[in-house]
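S.K.: Can you keep this structure in mind? I'll have questions shortly.
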Amino acid sequence: MVGNVLLETASTLDNRKLLLLFVVVTAVILIDYEFGLIADFIPDIISSGGGVLLFVSTAVIFAITSLIILAYHRPEDIS
């Protein structure tokens, strides 16, 4: 079921949507990197509910966008 949704989503991607997807992934990577750099200075914030929510949302965004990009580049006919 999830695979079908991802394949349908990937098949509707044009160049503009794919570029937007890569921009979102790049922005999330930069935000994750910046929080990694300053994690020693704000341990209370990172270990709070907001920090855990940020981590989980980052992981979900990475997972979904990675699967969409992989489905986009999946060969149609595997012999």
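S.K.: For segment 59-79, what are the residues that are at pLDDT 80 or above and of a type in the set (Ser, Thr, Tyr)?
M.R.: Within segment 59-79, Thr65, Ser66 qualify.
S.K.: In this structure, is Ala27 among the aliphatic types (A, V, I, L, M), modelled with pLDDT of 80 or more, surrounded by fewer than 12 Cβ atoms within 10 Å (Cβ to Cβ) and within 27 Å of Leu13 (Cβ to Cβ)? Working first, answer last.
M.R.: On the way: among the aliphatic types (A, V, I, L, M): yes; modelled with pLDDT of 80 or more: yes; surrounded by fewer than 12 Cβ atoms within 10 Å (Cβ to Cβ): yes; within 27 Å of Leu13 (Cβ to Cβ): yes.
When the stated conditions are applied, Ala27 passes them.
S.K.: With (1) assigned to a helix (DSSP H, G or I); (2) modelled with pLDDT under 85; (3) exposed (fewer than 12 other Cβ atoms within 10 Å of the Cβ) as the list, and Val56 as the residue in question, which single condition is left unmet?
M.R.: (2)
S.K.: Now a separate question. Going by what's in this entry, would Ser47 be described as among the small types (Gly, Ala, Ser) and modelled with pLDDT under 80? Let's see the steps before the verdict.
M.R.: Numbers: among the small types (Gly, Ala, Ser): yes; modelled with pLDDT under 80: yes.
In short, yes.
S.K.: If I ask for residues that are of a type in the set (A, V, I, L, M, F, W, C), without any contact (Cβ under 8 Å) to a residue 24 or more places away in the chain and surrounded by 12 or more Cβ atoms within 10 Å (Cβ to Cβ), which ones from segment 30-53 would you list? Show your work before the answer.
M.R.: First, pick out the residues of segment 30-53 that are of a type in the set (A, V, I, L, M, F, W, C): 30-31, 35, 37-39, 41-42, 45-46, 52-53.
Those left that are additionally without any contact (Cβ under 8 Å) to a residue 24 or more places away in the chain: 30, 35, 37-39, 41-42, 45-46, 52-53.
The answer is Phe35, Ala39, Ile42, Ile45, Ile46.
The values are calculated or read from the model by the stated rules, or taken from the named source; none is laboratory data. The model shown is predicted, which means the values in this text are computed figures rather than measured ones. Note that we place each Cβ from the backbone using ideal geometry, even for glycine, and neighbour counts take in every protein chain shown.
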